[in-house]
Amino acid sequence: MNIVTSIAEWRVLRKKIHDKSIGFVHTMGHLHDGHLSLCTRSQQENDMTIAAIFINPTQFNRDEDFSSYPRTLEKDKSLLSKQKVDYLLLLDKQAIYPDDYQIQISETTELSQMLEGKFRPGHFNGMLTVVLKYLNIVKPTRAYYGEKDYQQLLLIKKMAQALFLETEIVSCLTVRAENGLALSSRNSCLTAEQREKAGHFAQMLKKVQNSALTVTQLENLGFKVDYIADQWDRRLAAVWLGDVRLIDNISFIIARNNEI
């Protein structure tokens, strides 16, 4: 695996591989099997796979969340090397935000203002801005994003279409632990007891029942619920378990099959 640390260096390399199909996996590090599954999908569908690690400060609406985000770069590099990813793009804040975030991308409808947008003001502006920057830098054929962050996925697809990006945005199924918990970098912040309890989160979402009942059941288990909402043929939710915020969503097709 080759590591690239400047935009200028990548642009030279990109010209040399202009005839190759490029898959891109955009991460904030602290990698897990969910990230690696995106790499696998990319490797199956493209000539080369590029991964990026950048903890994006502009999508954190709380400074303490940014400072406490797990940083495991050496382990991440080892995982990507074993995965046989072709290139790892490691850019710093100055490279990504030379304008000090004076130019921002925003989506102005309810899509970005509801659910995560309501509880994390400014988050989607930062997310869309950094995604667009990386897609412009890497110029991939396809970029891969997990369905766990479903609202984010919809916004990225909408941005790509609205701004005529040539990159195909590919959605990938959520990867889960044995107890059903959606894999997330923040899961490592859970205690062993909390991790076991967190499995009930996905199990409750799979039940075809009134969302208010699901809220009550989760609260009785010790979760603090930000929201549970039925949108886009899915049940989406965000909860707190201690100081750790978890998000997830289940398609109604999966939920109904689960009840059969």
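Worth pointing out:
- Residue-averaged 222 nm ellipticity for the chain, from DSSP H runs of 4+ at -39500 (n - 2.57), nearest 500: -12500 deg cm²/dmol
- In this structure, the amide hydrogen of Asp226, modeled 1.01 Å from its nitrogen in the peptide plane, lies closer than 5 angstrom to those of Ala238, Val239, Trp240, counting only residues at least 5 positions away or on a different chain.
- Among Asn61, Phe119, Ile103 the positive-end extreme of the charge dipole of segment 2-172 (Cβ point charges): Ile103
- Cut-off of 10 Å, at most 15 other beta carbons, DSSP loop: longest stretch of the chain lacking such chymotrypsin sites (Phe, Trp or Tyr not before Pro): 1-100
- Cross-link reach list, lysines versus Lys207, counting only Cα pairs under 18 Å and skipping chain neighbours closer than eight places: Lys148, Lys197
- All other residues whose Cβ lies under 14 angstrom from that of Val175 are scored, Lys and Arg at +1 and Asp and Glu at -1, for a net of -2.
- Over 27 Å (Cα to Cα) - which of Lys84/Lys158; Lys20/Lys84; Lys15/Lys133; Lys93/Lys139; Lys16/Lys75; Lys157/Lys224 fall in this group: Lys84/Lys158; Lys16/Lys75; Lys157/Lys224
- Rolling a 1.4 angstrom probe over the protein heavy atoms with all chains in place gives the chain an accessible area of 50 Å² per residue.
- Contact order normalised by residue count of the chain, Cα under 8 Å, 6+ apart, percent: 18 percent
- Between helix 150-162 and the chain: long-axis angle, C-alpha atoms, 0 to 90°, nearest 10: 40 degrees
- Distance between the C-alpha centres of segment 116-150 and segment 170-210: 22 Å, rounded to the whole angstrom.
- With a cut-off of 13 Å between beta carbons, the residues surrounding Phe66 carry a summed charge of +2, where Lys and Arg count +1 and Asp and Glu -1.
- Degrees separating the helix 123-138 axis from the principal Cα axis of the chain, which is the longest one: 30 degrees
- For Leu91, residues with placed amide H under 5 Å, excluding near neighbours: Ile53
- Spin-label model distance (nm) - Thr109 vs Lys82, 7 Å beyond Cα toward Cβ: 4.3 nm
- Each label was represented as a point 7 Å from its Cα along the Cα-to-Cβ direction; for Asp99 and Ser6 these points are 2.3 nm apart.
- In this structure Lys197 has an accessible area near 70 Å², from a 1.4 Å probe over the protein heavy atoms.
- Extension gain (nm, one decimal) between His18 and Asp63, 0.36 nm per residue minus Cα-Cα: 12.3 nm
- Along the chain, the longest continuous region that contains none of the GluC sites (Glu not before Pro) in a DSSP loop with at most 12 other C-beta atoms within 10 Å is 1-165.
- Dipole size of the chain about its Cα centre, with +1 on Lys/Arg Cβ and -1 on Asp/Glu Cβ: approximately 440 debye, rounded to the nearest 20.
- Within the accessible area of the chain (1.4 Å probe), percent carbon and sulfur: 49 percent
- Net +/- balance of residues flanking Ser37 in space, Cβ distance below 12 Å, scoring K and R +1, D and E -1: +1
The values are calculated or read from the model by the stated rules, or taken from the named source; none is laboratory data. Predicted model, so just to flag it, every value in this text is computed and none were measured. Backbone-built Cβ (ideal geometry, glycine too); neighbour counts: all protein chains shown. Just so you know, the surface numbers come from the protein's heavy atoms only, side chains and all, with ligands and any DNA or RNA stripped out. Shrake-Rupley method; radii C 1.70, N 1.55, O 1.52, S 1.80 Å.
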